[in-house]
1. Assuming R0 = 41 Å, what is the FRET efficiency of E156 and F257, from their Cβ-Cβ distance, to the nearest 0.05?
2. Output the relative contact order of the range 284-369, whole-number percent, from Cα pairs under 8 angstrom with separation of 6+ residues.
3. Would you please put 338-345, 21-28 in order of how densely packed they are, using the mean number of other Cβ atoms within 10 angstrom per residue and starting with the highest?
4. Pull out the extension gain between K84 and L319, defined as 0.36 nm times the separation in residues minus the alpha carbon to alpha carbon distance; nm, one decimal.
5. What's the FRET efficiency of S137 with A181 using the Cβ-Cβ distance as r and R₀ = 25 Å, to the nearest 0.05?
6. In nm, what is the difference between 0.36 nm times the number of residues separating K278 and E58 and their Cα-Cα distance?
7. For the range 177-310, just say rounded, prolate or oblate: build the C-alpha gyration tensor, square-root its eigenvalues into a ≥ b ≥ c, call rounded for a/c under 1.5, and beyond that prolate if a/b exceeds b/c, oblate if not.
8. Among T35, T225, what is the fewest-to-most ranking by other Cβ atoms within 10 Å?
Amino acid sequence: MACDFISLAAPGVQKLSPYQPGKPIEELERELGITDIIKLASNENPLGCSPRVLTAIESGMSELALYPDGNGFVLKKALSDFYKRPLEEITLGNGSNDILELAARAFLKPGDEAVFSQHSFAVYPLVVQAVGATGISVPAVEYGHDLVAMAAAITEKTRIVFIANPNNPTGTWVEEGELDAFLMAVPENVIVMLDEAYGEYVQPGELPDGLDFLGRYPNVIVSRTFSKAYGLAALRIGYAFAHPDITNVLNRVRQPFNVNALALRAAVAALGDQEFVKRSRELNAAGMQFITDGVHALGLGVIPSKGNFLSINLGREGLPVYEALLRQGVIVRPVTNYGMPHFLRVTIGSQAENERFLVALKTVLKAVA
Ligand SMILES: *Cc1c(COP(=O)(O)O)cnc(C)c1O
């Protein structure tokens with residue numbers, strides 16, 4: 001018998017169940033032998049990315065033998081100029097998931113606690129457990145963060161609180177006033193990770209901008225990504241703004257070349273094309289309305305969302321509907337692992353994809369009725 005390698009793993013790691021990503025199109029093609037599949041399962045941008053990104057990547061192709069700039073100076077300078085904040089506040093990540101993990105590795109040890117909301121992003125409990133700390137999941141209210149209860153859940157063991165605004169997979173959000181009151185209540189030695197992965201999809205001025213809190217609350221980290229509205233999910237690039245001392249700590253645990261050279265170039269080009277971001281936001285808003293109306297017409301409810309996705313309440317087990325949608329060539333996301341077994345999460349796609357999804361959903365619901 002082979003050695004029990006699982007028992008050799010660190011205690012936190014033994015209990016981990018890996019993140020379940022959306023099903024890849026190629027996998028479903030292999031399984032069903034069908035083509036013409038659409039994927040509305042990973043909150044990817046149906047417009048792709050800015051054409052400027054392709055030019056930027058081409059210009060980096062001749063330098064693949066060289067290590068990237070481990071400090072990512074050019075991108076940091078671009079972010080610093082764009083947001084009018086000091087360079088010393090910026091950490092770059094291999095996706096913003098990397099940022100979440102850096103914070104967990106830098107600030108948590110076994111015995112420490114990290115607070116997050118029920119139904120919030122699955123990566124929070126993962127990064128917390130991986131370092132042997134204890135995740136405290138605070139019951140949600142109407143599927144959204146209960147910031148009053150989250151503040152009350154903070155103990156002297158708490159080192160990090162994770163807040164996703166808007167949250168994935170629910171699309172729920174927190175308002176300026178409640179966030180401000182929460183930050184006021186949080187002790188200064190507790191890090192607040194404000195995850196704004198979907199910030200670009202929010203209409204300007206509609207939700208609090210995490211960066212506005214940095215001055216008043218030096219314990220805040222604002223994390224953002226190029227994976228969603230900028231359409232660079234494949235390249236893995238995200239960033240955070242935080243107090244220079246927090247930034248210093250995050251950079252101690254960061255791998256020296258955590259962000260690749262093509263991603264660095266691509267992100268600079270993407271940041272420079274805000275017209276693309278605006279088009280993405282507008283397409284999303286129209287698609288959100290279209291799918292919401294279509295779902296209501298089928299007699300189903302949704303959780304109001306400010307992301308580029310919508311959680312639909314089927315009023316019945318979601319998994320069989322998910323499976324039936326797969327057979328129609330439509331990949332969405334089951335959220336049973338988020339404690340939402342009666343919901344499916346669908347990413348807002350192009351108009352054609354949204355129409356195809358609604359037709360498939362209608363067909364499938366009729367069949368399983
Ligand atoms: C998608 C997502 C992220 C970012 O993922 P990366 O691709 O690693 O940047 C972060 N937080 C939430 C809530 C997300 O949904």
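Nothing in this text is a laboratory measurement; each read-out follows from the coordinates by a stated rule. Just so we're clear, the structure is a prediction, and the values are computed from it rather than from any experiment. All Cβ positions, glycine included, derive from the backbone under ideal geometry; neighbour counts span all protein chains shown.
1. 0.65
2. With pairs under 8 Å counted, the relative contact order is 31 percent.
3. Top of the packing list down: 338-345, 21-28.
4. Computed gain between K84 and L319 is 80.0 nm.
5. 0.70
6. Going from the current span to full extension adds 76.7 nm.
7. It is oblate, given that a/c is not under 1.5 and a/b is not larger than b/c.
8. Ranked by crowding around the Cβ, least crowded first: T35, T225.
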